[in-house]
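> This is the structure, below, for whatever I ask next.
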Amino acid sequence: MTWFSWGLGELTGAADGPPTAPDAPVAARVQALVRALSPLSIDVSQVLVGRAALHGWRRAGHVSANGSCRLVRAADGWLAVNLSRPTDLDLLPALLEADVTTDPWTALTTAAATRPAAELAARAQLLGIPAAVPHSAATLRPLRTSLLGEPAPAGALVVLDLSAMWAGPLCAHLLGRAGAQVVKVEDVRRPDGARFGPPKFYDDLHRGHAGVVLDFSTPEGRTALSNLAADADLVIESSRPRALRRLGLVAEDWLTAAPGRTWISITGYGRDDPDQRVAFGDDAAVAGGLIATAPDGTPVFCGDAIADPLTGLFAAAAALASRRAGGGHLLDIAMAGVAAHTARPGAGDPGSEWALC
């Protein structure tokens, strides 16, 4: 009953139906991560449902808790489409290959009914719109570890947090609580999107962290970023690899430049995803198969963008494992893979995926 005691039932199921839960060992996976983060005291309910509580969100079945992602019926099944950004709405006519003169979701639902789900999801991703077919990433690993640098005894930990929104900042928050000094860096032209939500959510994640705002479009900004990276022991980022390379930050080079470093890369489907697909927490969870079923047999969302907080917990556990092993690791963490790992049945060791030593 842990799923319900954490409050996730209030965020899972049809809006006019009973609370429900996925047929998945979520509690065992989460409890393993909590043990890995000991002696930190983790309020799992706060981590998983705290953001929704601040907004007053409730379960809405085929609509995500935040309203930006929907499970849409296609000609041969279902797909999740996330229209969370203005640019996603702007690209909808290109996705549907038709003018959109009605409500965007009505237009999408009507068009999807005549098209294969995988085909529509692939076209959406080609345009940069987060979309996924349920279970399409069910075999994706949550973590790929590369030992690229020399190990070194663990000492004081300085974390450079280049991530945004939820998963990466949650990882940084947990490492900060474990004693790390965290420096949060934002581009003046692209502030962290979490700033536009409830201030308490952003403030709680970043409490005690130093904040630096740079203009990455200028040589001065890029030099300052390079200097901050040179002083860091661990980097957390959630960008496509080429984006940071344009700024002069190359994970492989940074890891080999000094012993004991760890680089955490959080993406939707992994750094080596050939299509470089984008993902947010709700559609990543659907891709990994972390979904529930309504009484009428249709799929419904689990929790609030649940792949995000699960990935934050997972990344923090992997980071601490890397530190215990002396560092030198590139930790390539896929949100859809974390969701798949959480949803995957089996009685095996739920912590084996992130145990590096």
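The values are calculated or read from the model by the stated rules, or taken from the named source; none is laboratory data. Since this is a predicted model, take the numbers as computed values, not measurements. Cβ sites come from the backbone with ideal geometry, for glycine too, and all protein chains shown count toward neighbours.
> Any residue at all in the stretch 168-188 that's touching an Asp or Glu at 6+ places or on another chain (Cβ under 6 Å), in a loop (DSSP other than H, G, I, E, B) and not hydrophobic (A, V, I, L, M, F, W, C)?
The answer is no, given that none of the residues of the stretch 168-188 is touching an Asp or Glu at 6+ places or on another chain (Cβ under 6 Å), in a loop (DSSP other than H, G, I, E, B) and not hydrophobic (A, V, I, L, M, F, W, C).
> When you scan the stretch 1-44, how many residues do you find that are under 23 Å from Leu175 (Cα atoms), loosely packed, with under 13 Cβ neighbours inside 10 Å and of a type in the set (D, E, K, R)?
Number of matching residues: 2.
> Of the conditions (1) under 30 Å from Glu119 (Cα atoms); (2) of a type in the set (A, V, I, L, M, F, W, C); (3) buried (at least 18 other Cβ atoms within 10 Å of the Cβ), Val49 satisfies every one except a single condition; which number is it?
(1)
> Follow-up question, since we're still on this one. Would you check which residues across the stretch 208-225 are surrounded by fewer than 16 Cβ atoms within 10 Å (Cβ to Cβ) and touching a residue at least 12 places away in the same chain (Cβ under 8 Å) and list them?
Those that are surrounded by fewer than 16 Cβ atoms within 10 Å (Cβ to Cβ) and touching a residue at least 12 places away in the same chain (Cβ under 8 Å): Gly208, Ala210, Gly211, Val212, Val213, Asp215, Ser217.
> Look through the stretch 233-252, keep the residues that are among the aliphatic types (A, V, I, L, M) and touching a strand residue (DSSP E or B) at 6+ places or on another chain (Cβ under 7 Å), and return whichever of them is surrounded by the most Cβ atoms within 10 Å (Cβ to Cβ).
Filtering first and then ranking leaves Ile236.
> What residue, of Ala287, Ala318, Ala334, Ala325, is touching a strand residue (DSSP E or B) at 6+ places or on another chain (Cβ under 7 Å), at pLDDT 95 or above and farther than 24 Å from Pro134 by Cβ?
Ala318
> Only one of (1) of a type in the set (Asp, Glu); (2) touching a helix residue (DSSP H, G or I) at 6+ places or on another chain (Cβ under 8 Å); (3) over 21 Å from Ser265 (Cα atoms) fails for Asp203. Which number is that?
(2)
> With the requirement that a residue be in a strand (DSSP E or B), under 17 Å from the mean Cα position of the chain (by Cα) and of a type in the set (A, V, I, L, M), what does the stretch 138-159 give you?
Leu143
> Report yes if some residue within the stretch 56-79 is among the β-branched types (Val, Ile, Thr), closer than 27 Å to Arg323 by Cβ and at pLDDT 95 or above; otherwise report no.
So the first thing to find is which residues in the stretch 56-79 are among the β-branched types (Val, Ile, Thr), and the list is 63, 72.
Of the ones still in play, those that are also closer than 27 Å to Arg323 by Cβ are none.
Checking the stretch 56-79: not a single residue is among the β-branched types (Val, Ile, Thr), closer than 27 Å to Arg323 by Cβ and at pLDDT 95 or above.
> Would you be able to tell me the number of residues in the stretch 72-99 that are part of a strand (DSSP E or B) and closer than 20 Å to Ala194 by Cα?
Of the residues in the stretch 72-99, 1 are part of a strand (DSSP E or B) and closer than 20 Å to Ala194 by Cα.
> While we're on this one: Return the only residue of Ala137, Ala107, Ala124, Ala112 being farther than 29 Å from Thr311 by Cα, in contact with a strand residue (DSSP E or B) (Cβ under 9 Å, 6 or more places away or on another chain) and surrounded by 15 or more Cβ atoms within 10 Å (Cβ to Cβ).
Residue meeting the stated conditions: Ala112.
> Pairs under 7 Å by beta carbon, first residue among the polar types (S, T, N, Q) in the stretch 34-51, partner surrounded by 14 or more Cβ atoms within 10 Å (Cβ to Cβ), six or more apart or different chains?
Within 7 Å, the pairs are Ser45/Trp6; Ser45/Gly7.
> Let me ask something else about it. Out of the residues in the stretch 220-243 that are modelled with pLDDT under 95 and under 19 Å from Ser146 (Cα atoms), which is farthest from the chain's Cα centre (by Cα)?
Arg242
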